[in-house]
1. What angle, in degrees between 0 and 90 and rounded to the nearest 10, separates the Cα long axis of helix 174-187 from the longest principal axis of the Cα atoms of the chain?
2. Describe numerically, in nm with one decimal, the distance between label points set 7 Å from Cα along Cα→Cβ at residue 24 and at residue 502.
3. Assuming 0.36 nm per residue, please report the length gained on full extension of the stretch residue 384 to residue 282 beyond their Cα-Cα distance.
4. Residue 52 to residue 117: FRET efficiency via 1/(1 + (r/R0)^6), r the Cβ-Cβ distance, R0 45 Å, to the nearest 0.05?
5. For the pair residue 516/residue 237, report the inter-label distance in nm, with labels modelled 7 Å from Cα in the Cβ direction.
6. What value, in deg cm²/dmol to 500, does the helix sum -39500 (n - 2.57) over DSSP H runs of n ≥ 4 give at 222 nm once divided by the residues of the chain?
7. Cut-off 18 Å, label point 7 angstrom out along Cα-to-Cβ of residue 291: give me the residues of segment 501-541 whose amide nitrogen falls inside.
8. Would you calculate the separation in nanometres between label points at residue 431 and residue 263, each defined as 7 Å from the Cα along the Cα-to-beta-carbon direction?
């Protein structure tokens, strides 16, 4: 019986010991009334943990969870004298997680006693403030997508500058999806479905969706695993679906497909993905609907038309530069321009991946973002295409820095997982998530109380965007889109700092289109732009 799982053992023992010890004490035998008091206290604590709805960890680990909270409370002292400091990220530091918890719970996010960062270490960054700060009346910053005058769309979308990144139902629990989408509905921001498609849990609260379509074509899949136009139309034309995102690769495991074992393909997962129940579910490493950059752009145009003109783009992690250059050359050759590009950093995300992929495959976000932004500028396409960015984005400064380097908006996956109560146990792939976020275990996910976590998701977004507003107002700006590289300063040595614009090779508009100037281009463009071709992802030889 699931009730007798090892994590419930302290509660079961205390509940059994209570009547036994009481009977012995009444008979004048045994240890006495002190054992009755202890077992009664533990039993009350355990059942209180099971019945409360604020902390998933306590619901899944009655009594035991309090030991974690105790050691967490004295952790600063233990770490200060014996272990690590609060700034060591593995992969997120305690300070990073704390800022999410505080903003999600509407607790104070202020810190005393100055920064814990070494401001004289290489790589330290900051934004210069203004003597004449701006006033921002409405921090609900929006970015229009799909409304370029040269490429009118039937259904443009007004996106928040901070949104939920791709996480599939199946990887996340039903309750996690419900809470994320409910928070997105309250806060007016968008929720990326991940490639697992649109489940009934995505639909229940009606929050704005970005439907991500991967190489498995889940939700628009034929029985043979190819693309189904009819099934695509059925989902893409739902009013709740605001944008379509074609996934080429992801930061967690770029260039690798995956298999969801048949044992995990439940009736609900099978219904969302359009696959048979109980059979292995394959995500190939590449798409079957196209094989060249030009074919890919025609496929994107096809998706856009079939959806009724909704903004359509693609997501990728940057690998070989000439492959992205080939896509841009295909845009120039065909005149087909996606509405947006999502750049996923190689830092690795929520998807479980081999260590080698997480650690050593794919360009990190900043380098990837700069390549995409600069290429579009150099090809005179940047004003037609919006850029989204994702990769360890947690705080308002993370958003500001990423936008200053070329993004229009940011997505966060693990940040919103923390808002749901994730404690970074890093057991997402084991189906034993202690807080019910990343598991299909029905008992474990019941610990995640949807109404409470829905509010936390909404407040994390609201308070982070409010912090962003305060940050850019201090810089004398009124909208994040005004952030540029010259606002960002980076230390390059203990005694030297430089503006980001001086450190990074920014191109001039149209610079890639003038072949006579190619010898002056930064090395990555000078070497790879000439060998990229619109007709193939392979380089010219």
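1. Long axis of 174-187 versus the principal axis of the chain: about 60 degrees.
2. Using points 7 Å along Cα→Cβ, the separation is 7.6 nm.
3. Gain in length upon complete extension: 33.2 nm.
4. It comes out at approximately 0.80.
5. 5.2 nm
6. The per-residue figure over the chain is -11500 deg cm²/dmol.
7. Answer for segment 501-541: 533-540.
8. Placing both labels 7 Å along Cα→Cβ, they lie 0.6 nm apart.
Any read-out appearing in this document is the output of simple, stated calculations on the displayed coordinates, not a laboratory observation. Since we're looking at a predicted model, the values are computed, not measured. No Cβ is skipped: glycine too gets one built from the backbone with ideal geometry, and neighbour counts run over all protein chains shown.
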